[in-house]
Amino acid sequence: TYWQMAQTLNPDSWNYHRQDWSYTPEEAGANWQKKVQMNLNVRAFDSAGGVGGTWWYNRYPGARVDAPSSPFYAYTFSQELVDSWEWRETQTPQASVLAYLENFAEQFDLNKDIQFETWVTDARYNESEQRWTITTDTGETASAQFLICAVGALFVANKPDYPGIDDFAGECYHTGRWPHETVSFAGKRVGVIGTGSSGIQSIPEIAKAAEHVTVFQRTPQYSLPARNRALSEEELARSREDWEDLRKSMFHRGGWPHKTIRRNASDYTPQQRHEIYEQLWDEGGINLAINSFSTVLTDKDLNDEVSEFVRGKIREIVQDPATAEKLMPDYYFGTKRLILDNGYFETYNRDNVSLVDLRQDPIESFTASSVKTTEGEHPIDMLVLATGFDAVTGSMLNLNPKGRGGVSLKEKWAERFETYLGATIAGFPNLFMIHGPGSPGVLYTMPLGGERTADWIAESIRHLRDNDLGAIEATEEAAVNWDKEINAAADQTLYPKTDSWYVGANIPGKPRQFLAHLRGSQYFERLAEVAQDGYVGFDFE
Ligand code: N01
């Protein structure tokens, strides 16, 4: 989570070699992190045309990793892999992440086991055989003892259902399904709906090329300057030295090796705090959230102070005061996903960009060539939907596996998205999830989180094999307790007070529930302990 995460790539903060760990994964019995060759057959299905997942689909202009990234937004288990890749910028662009993943798949010879352009249309557990049967839209059927769902936390596109939207006759793209062909904005009037990470990353790029951009904004956002820059040779070299040590620090520090500064707000005067905010704003990245004060996401007054600081920055940047006022965020800073931008607010100083505040002037309908709001009509040639996703649960529900007794996940999760450890579901034996609800998923470094979860899953499978067991299944009780634990932790923060996709508020009718584990490092310690203690909370058959 933010305050556990790290400073952006300020070399002075690279003090990760000198940490004296009070705990090591090995000491906790977490030998599951060691790679074990298990001689299992793996068959993977992927709807995309190649590896990359979110980085294959999200090719919109300006797409970049939105956290302190290079060179640590990457898999960590192989020094050879680490050495084989040159990261170039602090905020890695989509094309580079995709190239890295393609290289990774080749280096480890993974493509031979992956069938692309294939949708899994059905997945059913057979209790007597203790196996899953998987059916695809290519007419194939596969049988497997274990089903691992790595279906993506931000995959199922959220499309607004405004009256007449399907009548719009111009080009229309969702950022999460961006075409592989070049999209030309030249000479076009482009309407963009949505100002989350995808909108805020893409709007400045679209504005550079389009004739006119009209941004339709529902909730104004806090966005921090990314201050993207090239990585120096020295930084790259340092990021590879003592890799095992570095890796350990990533394990212990929320997924990044950098140490965060944990100041106590009451030790500083308001003036001193303001100076700190200024300095962190200048440093850029998510520093303002993670390196200001440790209670930013729990203390309302402090949060108000930081929020006001950012609003002041927006007022300074945006020249037209009326536009600036429309851009003022009014929820708790950091409780929606923080956004890093490359000149987003500055974009509103361009002559070819206008902003419609949907809270004042809502969309009424679409025509073939325009968006009608209560106060006027906005002619457009292209519509960009940066409207986000049915996050964290949407793609599992799309897959809708059928577990014990033929009960579907849609039935199981009708009211609450209960999991155990964010990785398993009671009633769904031998099914594992990566980045599922109740895991740190989107609040942790996703490649490392995926890697560590996969290690734990592999070790669970090894445990079954070693003990001649056929199935592992979370108990209902463990799942109920996990759900309570996740939400109790979230309730200690300001997160649940904001309507965000973290709580499912962006999807009409979705049960409201905080969907992520807030403390990634502790979560992975917990996984290790569960394994070490004989898989507490699981039944075996
Ligand atoms: O989606 P979002 P996103 N009418 O849900 C608005 C990750 N990510 O694709 O705030 C009008 O954040 C909605 O308004 P509101 C990252 O974790 C990573 O931008 O709900 N507007 C909001 O403004 C991120 O958080 C990178 O009121 C409507 C926007 O659309 C997550 O993906 C890059 C609307 C949706 O924002 C999702 O980001 C991009 C409607 N009917 C994304 N419905 C990296 O760089 C929705 N909106 C790694």
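Where a number appears in this text, it was derived from the coordinates with a stated rule and is not lab data. Computed from a predicted model, the values in this text were never measured in an experiment. Glycine also receives a Cβ, built like all others from the backbone with ideal geometry; neighbour counts cover every protein chain displayed.
Would you mind putting 157-165, 442-450, 104-112, 245-253 in packing order, based on average other-beta-carbon counts within 10 Å, highest first?
Highest mean packing first, the order is 442-450, 245-253, 157-165, 104-112.
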May I ask you to compute the full-extension gain from Lys372 to Glu529, defined as 0.36 nm times their residue separation minus their alpha-carbon distance, rounded to one decimal in nm?
-> 50.9 nm
Could you please state, rounded to a whole Å, how far the C-alpha centre of the range 313-375 is from the C-alpha centre of the range 130-204?
-> 23
Kindly provide the trypsin sites (Lys or Arg not before Pro) of the range 449-528 that DSSP labels as loop, not H, G, I, E or B, and whose Cβ sees at most 16 other Cβ atoms within 10 Å.
-> Arg512
Give me the angle, in degrees from 0 to 90, between the Cα long axis of helix 446-466 and the longest principal axis of the Cα atoms of the chain, rounded to the nearest 10.
-> 10
Alpha-carbon radius of gyration plus Dmax, which is the widest Cα pair, for the chain in Å | 23.4, 70
Per DSSP, loop GluC sites (Glu not before Pro) in the range 478-537 with at most 12 further Cβ within 10 Å | none
For the range 51-98, which GluC sites (Glu not before Pro) are in a loop by DSSP, counting at most 15 other Cβ atoms within 10 Å?
-> Glu86
Over the range 287-423, one equal point on each Cα, no solvent: what is log10 I(q)/I(0) by the Debye formula at q = 0.10, 0.20, 0.21 Å⁻¹?
-> -0.60, -1.19, -1.24
Gyration tensor (Cα) of the range 165-300, equivalent ellipsoid semi-axes in angstrom | 37, 23, 15
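Rounded to the nearest 5, what is the percent of antiparallel bridges among the DSSP beta bridges in the chain?
For the chain, the DSSP antiparallel bridge percentage is about 50.
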Using only Cα atoms, tell me the angle between helix 270-283 and the longest principal axis of the chain; keep it within 0 to 90° and round to the nearest 10.
-> 80
With Cα atoms, 0 to 90° folded angle of helix 197-209 axis to the chain main axis = 50
Calculated [θ] (222 nm, deg cm²/dmol) that DSSP helices of n ≥ 4 give over the chain, each run adding -39,500 (n - 2.57) | -8500 deg cm²/dmol
Full extension between Gln107 and Asp301 adds, at 0.36 nm per residue less the Cα distance, a length in nm of 64.8 nm
For an R0 of 45 angstrom, estimate the FRET efficiency from the Cβ-Cβ distance between Ala142 and Asp351 and round to the nearest 0.05.
-> 0.20
Partner aspartates and glutamates for Lys208 [C-alpha distance under 17 Å; skip if fewer than 8 residues away on the same chain] | Asp341, Glu346, Asp351, Asp381
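Quote to one decimal, in nm, the extra length available between Glu275 and Glu117 on full extension: 0.36 nm per residue of separation minus the C-alpha distance between them. Present the calculation step by step, with values, prior to reporting the outcome.
Numbers: separation 158, 0.36 × 158 = 56.88 nm, distance 5.22 nm.
This chain segment gains 51.7 nm when fully extended.
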Taking the Cα centre of the chain as origin, sum charge times position over the Cβ atoms of Lys and Arg (+1) and Asp and Glu (-1), and report the length of that vector in debye to the nearest 20.
-> 340
